Amino acid sequence: MKTFFIGLLFIVLTPCVSSQKKEPINSAINKDSVPYTADWESLKQHKTPDWFLDAKLGIYCHWGPYSVPEYENEWYSHWMYVNAKNPEATNGKPSKFYDHHINTYNTLDKFGYKDFIPMFKADLFDAAEWADLFEKAGAKFAGPVSEHADGFAMWDSDLTQWDSKDMGPKRDIMGELSKEIRKRNMKFIATYHRQWLFGWYPTWDKTTDASNPKYSGLYGPKLKKGDYQLPPNPHEIDNGIEKYYPVADKMFNDEWLNRLKEIVDKYEPDMVWFDNKMDIISEEHRKHFLKYYYNKAAESGKEVVSTYKFYDFAKGSAVLDLERSRMKEKQDFIWLTDDSIDWKSWSHIKNPRYKSTNRLIDFLVDVVSKNGVVLLNITPKANGEIPEPVQKRLLEMGQWLKINGEAIYGTRTFEIYGEGDTNVTEGHLSEEKNPDNTSKDIRFTTKGDTLYATVLDWPKEDELIVRSLKKGNTFYKHKIASIELLGYPDKLKYKVKNSGLHITLPDDKIGKHAFAFKITPEHR
């Protein structure tokens, strides 16, 4: 099996003839001297910019033809094809997506995923309204999913006709959003999932439209039946046996890279975010992208960020991103977590289960206290409307940040992230395992010698006790000059005791969500 896998890798890295004119992989920018070369040690020299360290909150959205059926989740484009003939089908039974699709639309030879594209009209999409909402929510960077696993490009691409300018909305979604987002002094980001396309559709199955070479520009390369599986990470071990899977050929690798280069060249994103499963893309192509992106930014004087999950880039060459999860402890490196406003889905569905504003704010505070940044996904409808409950939560987050933002934006970590009784479960897609926080949970951030202690619920007693700041503690050695509750006009009374810092609370609760106390030291 290992010999077979090595042979496949040889194929991936061996040049082949392509009918499409493409830039050689070893070329990037026409300069005699560039800061970065396509090796991990060079790419690790790239520094995460201060704007990202300061930003703390970004917004993006899963929005595309998969938004049309409004069913279960954004993987509709894949699961609609999973039937009893598919080896992924549980116990040989069709998936509920397949049943729903056949009963609602038609058989897969008559109505495939491509047929949702004309229905994805985005007739109510207004980039300025979206950007206004992102700004009011307190986001400092924002952008769309540029291409999901479905293979449909949300920009005006010269490399494919299967894009939002030529089909569906017939608009350059990324172009419109990049202009409006930047007008509001936010950074623009592009997120990219194309690596998932390899094996996403059953291109071997002649009973579906996915096997028709006429549509290969959308459905991806023709694979044989045994290859129809989602490409797991090659580090995965099943019952003690290491698994090996097909990797993408050179044509798919080049297409993956060339679309990225087009995004960088046309829209100059300040951040390029990647979903996982890049292990099916050759390591050379992955390194080449970072080299190209970082050098283009250096040439134009931009400071940019790229992200990765798991093992997809070398540690230190980009920012580590988690998915629907967080860290237990404070980290000595900046990290990102992407999470969706809907517990069930990343795209709009008919029966959403939205997170509460309180949950979203507590999550942000906790992540920031541990040296993290939040990228929050929202769920627009296919017509371009952002659902009212989503808007409401974003505006409430923005109102909270107007008052408490100084405890979030531009802050750095404290000696410890905080204190409290609520334990965090780590791991991919683990967020639903984490309970809501309580008034015992306090999170710390700093600006210079100023310390912010944010309690994640209003204490039931008439005082807040910060046990970590007790008399003689080794964390905060400054003499306190004053303590304020952000959003409250008066200074607060306090005492430093052996049991902790005791802060007397106002008679009435101030605000609705997390409560930030500003601790200012005496000047020396």
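Is it the case that some residue within segment 262-272 is charged (D, E, K, R), assigned to a helix (DSSP H, G or I) and either touching a strand residue (DSSP E or B) at 6+ places or on another chain (Cβ under 8 Å) or within 22 Å of THR37 (Cβ to Cβ) (or both)? First the steps, then the outcome.
From segment 262-272, those charged (D, E, K, R) are 262, 265-266, 268, 270; that's our starting set.
Cutting the leftovers down to assigned to a helix (DSSP H, G or I) gives us 262, 265-266.
With either touching a strand residue (DSSP E or B) at 6+ places or on another chain (Cβ under 8 Å) or within 22 Å of THR37 (Cβ to Cβ) (or both) added as a condition, the list becomes 265.
So far as segment 262-272 goes, yes, one or more of its residues are charged (D, E, K, R), assigned to a helix (DSSP H, G or I) and either touching a strand residue (DSSP E or B) at 6+ places or on another chain (Cβ under 8 Å) or within 22 Å of THR37 (Cβ to Cβ) (or both).
Applying the selection to segment 205-226, what residues are open to solvent by 70 Å² or more (accessible area, probe 1.4 Å) and at pLDDT 95 or above?
Of the residues in segment 205-226, the ones open to solvent by 70 Å² or more (accessible area, probe 1.4 Å) are 206, 213-214, 222, 224-225.
Those that are open to solvent by 70 Å² or more (accessible area, probe 1.4 Å) and at pLDDT 95 or above: PRO213, LYS214.
For PHE444, state whether it is farther than 30 Å from TYR76 by Cβ, surrounded by fewer than 17 Cβ atoms within 10 Å (Cβ to Cβ) and aromatic (Phe, Trp, Tyr). Before you say what the answer is, go through the steps one by one.
Details: farther than 30 Å from TYR76 by Cβ: yes; surrounded by fewer than 17 Cβ atoms within 10 Å (Cβ to Cβ): no; aromatic (Phe, Trp, Tyr): yes.
No.
State which residue pairs qualify: first residue part of a loop (DSSP other than H, G, I, E, B) and inside segment 351-363, second residue open to solvent by 30 Å² or more (accessible area, probe 1.4 Å) in any location, beta carbons under 8 Å apart, and separation of 6 or more residues or different chains.
ASN351/LYS344; PRO352/LYS344; PRO352/PRO389; ARG353/TRP343; ARG353/LYS344; LYS355/TRP343; LYS355/ARG393; SER356/ARG393
Which residue, of ASN351, ASN383, ASN358, ASN423, is among the polar types (S, T, N, Q) and crowded, with 18+ Cβ neighbours inside 10 Å? Give the steps one after another, and end with the answer.
On the way: ASN351 fails: crowded, with 18+ Cβ neighbours inside 10 Å; ASN383 fails: crowded, with 18+ Cβ neighbours inside 10 Å; ASN423 fails: crowded, with 18+ Cβ neighbours inside 10 Å.
After ruling out the rest, the residue left standing is ASN358.
For segment 183-204, what are the residues that are in contact with an Asp or Glu (Cβ under 7 Å, 6 or more places away or on another chain), under 22 Å from GLY112 (Cβ atoms) and either at pLDDT 95 or above or not in a loop (DSSP other than H, G, I, E, B) (or both)?
The answer is HIS193, ARG194, TRP196.
Which is over 17 Å from GLY58 (Cα atoms), in a helix (DSSP H, G or I) and not polar (S, T, N, Q), of GLU129, GLU135, GLU176? First the steps, then the outcome.
Details: GLU129 fails: over 17 Å from GLY58 (Cα atoms); GLU135 fails: over 17 Å from GLY58 (Cα atoms).
Just a single option satisfies the conditions, and that option is GLU176.
What pairs come up if the first residue lies in segment 268-281 and is closer than 16 Å to GLU299 by Cβ, the second is part of a loop (DSSP other than H, G, I, E, B) and β-branched (Val, Ile, Thr), and their beta carbons are under 7 Å apart, counting only those six or more places apart or on different chains?
Cβ pairs passing all conditions: ASP270/VAL304.
Just checking, does segment 81-102 include any residue being modelled with pLDDT of 80 or more, charged (D, E, K, R), over 30 Å from the mean Cα position of the chain (by Cα) and surrounded by fewer than 17 Cβ atoms within 10 Å (Cβ to Cβ)? Explain how you work it out, then say what you get.
Keep residues of segment 81-102 that are modelled with pLDDT of 80 or more, which gives 81-83, 95-102.
Filter again for charged (D, E, K, R), leaving 96, 99.
Narrowing further to those that are over 30 Å from the mean Cα position of the chain (by Cα): 99.
When the remaining residues are screened for being surrounded by fewer than 17 Cβ atoms within 10 Å (Cβ to Cβ), the result is 99.
Looking through segment 81-102, at least one residue is modelled with pLDDT of 80 or more, charged (D, E, K, R), over 30 Å from the mean Cα position of the chain (by Cα) and surrounded by fewer than 17 Cβ atoms within 10 Å (Cβ to Cβ).
Could you list, in sequence order, the residues of segment 103-125 that are surrounded by fewer than 15 Cβ atoms within 10 Å (Cβ to Cβ) and either at pLDDT below 95 or closer than 15 Å to ASP172 by Cα (or both)?
ASP123, LEU124
Restricting to segment 197-224, give me the number of residues that are of a type in the set (Val, Ile, Thr) and closer than 15 Å to TRP79 by Cβ.
Filtering segment 197-224 down to residues of a type in the set (Val, Ile, Thr) leaves 203, 207-208.
From the residues that got through so far, the ones that are closer than 15 Å to TRP79 by Cβ too are 208.
Residues meeting the conditions: 1.
Which pairs have Cβ atoms under 7 Å, sit 6 or more apart or on different chains, and link a residue in segment 367-386 that is at pLDDT 95 or above to one that is of a type in the set (D, E, K, R) and not in a loop (DSSP other than H, G, I, E, B)?
Filtered contacts from segment 367-386: SER369/ARG443; VAL374/ASP339; LEU375/ASP338; LEU376/ASP339; ASN377/ASP338; ASN377/ASP339; THR379/ASP342.
Inspect segment 468-477 for any residue being within 31 Å of the chain's Cα centre (by Cα) and either on the phi < 0 side of the Ramachandran plot or open to solvent by less than 70 Å² (accessible area, probe 1.4 Å) (or both) and give the result as yes or no. Quick ask: steps written out before the conclusion?
To start, the set of residues in segment 468-477 that are within 31 Å of the chain's Cα centre (by Cα) comprises none.
Within segment 468-477 (the criterion being within 31 Å of the chain's Cα centre (by Cα) and either on the phi < 0 side of the Ramachandran plot or open to solvent by less than 70 Å² (accessible area, probe 1.4 Å) (or both)), the answer is no, since none of the residues qualifies.
The values are calculated or read from the model by the stated rules, or taken from the named source; none is laboratory data. Everything quoted here is computed from the prediction, not taken from an experiment. Positions of Cβ are backbone-derived with ideal geometry, glycine not excepted, and every protein chain shown enters the neighbour counts. Heavy atoms of the whole protein, side chains included, go into the accessibility calculation; ligands, DNA and RNA do not. Shrake-Rupley method; radii C 1.70, N 1.55, O 1.52, S 1.80 Å.
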